[in-house]
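Okay, structure first, notes after.
The values are calculated or read from the model by the stated rules, or taken from the named source; none is laboratory data. Worth saying up front: this structure is predicted, and the values here are computed from it rather than measured. Positions of Cβ are backbone-derived with ideal geometry, glycine not excepted, and every protein chain shown enters the neighbour counts. When the accessible area is computed, the model is the full protein with side chains, heavy atoms only, and any ligands, DNA or RNA have been set aside. Shrake-Rupley method; radii C 1.70, N 1.55, O 1.52, S 1.80 Å.
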Amino acid sequence: MVPEIAARKHIEFLYKLAQKAFEESKTTPYDIDAIAATYGPGLIGSLLVGTSFAKGMSLSLKVPFIGVNHLVGHIYANFLDFPELKPPFLTLLVSGGHTMLILTKDYLEYEIIGQTRDDAAGEAFDKVARILGLGYPGGPIIEDKAKNGKSIYNFPKPLYDVGYDFSFSGLKTSVLYFVKEHPEAKIEDIAASFQEAITETLVHKVTKYALENNIHEVVIAGGVASNLVLRKKLDEYKDKLNIYYPRLTLCTDNAAMIARAAYEKYQRKLFSKLDLDVCPNLGFSEI
Ligand code: KG4
Ligand code: ZN
């Protein structure tokens, strides 16, 4: 990913994308009540393009501008598919940049239960794919390779029974050493074994917290939530927990989830000022 090119591509496509969205939804700019954009976390250039576009529309249409936290957006993706979902619920947010266990106590009220101390889950998939000489993004490719392999290698499950933080950097390094020491090993088996270690760790932590704390609703969000092995493992807890995953297109980054999160702020008149700055390292303290 070259941040400079990503931002320029955003400029190139954003206007056309907005036009297409109005066409497909058979609306015009004059029909909208508010305009939202992600103001962090993320790449600064792309955040600037999105927020500047939204602020421009807000100013010219005289509608409120609402800055949205990208991470909160991932959680709210679930409300698009499950409008009946109500807090409290636990979210496992697993994307390319984040791995977090978040307790949504009430609408727009969150507590971080755990997070990764180094690599995010998606990042681990991406890095292991690179080690194995596969393409990007690594998650779907590893999942695909693993279908023709067996989980026969015992890779570490870091911090498995230690609290609710995650750590995937050591797992990635152990795959790296293993590949160097075992050139004869099949890529498919390594992919399956890695996927087993990482998904088992994720499922163990999220289900343990939910069961120990009497939380019955568990939602999965972020790009890694599209992994079918992860989903299958979670399904084993379906008699004890209600597990929600948004449809695949709502798991990876999308604008609908940002709009849904913004709607929650809109109802409470939590509008942003036009001088709201972008925040590449935005955490959960700011919604
Ligand atoms: O949420 P997302 O689209 O973007 C970020 O906000 O990061 O997540 C992208 C990440 C990538 O690291 C990608 O490898 C991973 O999600 N991913 C998957 C799968 N599909 C996407 N990881 C595992 N299995 C998948 N099927
Ligand atoms: Zn994301």
Residue selected from the stretch 241-252 under the condition open to solvent by 40 Å² or more (accessible area, probe 1.4 Å) and under 19 Å from the mean Cα position of the chain (by Cα), by the criterion nearest to ligand 2 (Cβ to nearest atom) | THR252
Quick one: is SER272 under 26 Å from LEU17 (Cα atoms) and among the polar types (S, T, N, Q)?
-> yes
Residues being assigned to a loop (DSSP other than H, G, I, E, B), buried (at least 18 other Cβ atoms within 10 Å of the Cβ) and more than 13 Å from ligand 2 (Cβ to nearest atom) - total across the stretch 216-240 | 1
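Out of LEU43, LEU47, I need the residue that is within 12 Å of ligand 1 (Cβ to nearest atom), within 20 Å of the chain's Cα centre (by Cα) and not assigned by TED's automatic domain parsing to the domain that holds VAL224. Which one?
LEU43
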Could we say that SER285 is out of contact with any Asp or Glu (no Cβ under 9 Å at 6 or more places or on another chain), open to solvent by 70 Å² or more (accessible area, probe 1.4 Å) and not acidic (Asp, Glu) here?
-> yes
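Considering each residue of the stretch 102-132, count those that are open to solvent by less than 10 Å² (accessible area, probe 1.4 Å), within 16 Å of ligand 1 (Cβ to nearest atom) and of a type outside the set (Val, Ile, Thr), and give that number. So that I can check it myself, show each step before the final result.
First, the residues of the stretch 102-132 that are open to solvent by less than 10 Å² (accessible area, probe 1.4 Å): 102, 104, 114, 120-122, 124-125, 128-129.
From what's left, within 16 Å of ligand 1 (Cβ to nearest atom): 102, 120-122, 124-125, 128-129.
If we keep only those that are of a type outside the set (Val, Ile, Thr) too, we end up with 120-122, 124-125, 129.
Summing the residues that are open to solvent by less than 10 Å² (accessible area, probe 1.4 Å), within 16 Å of ligand 1 (Cβ to nearest atom) and of a type outside the set (Val, Ile, Thr) in the stretch 102-132 gives 6.
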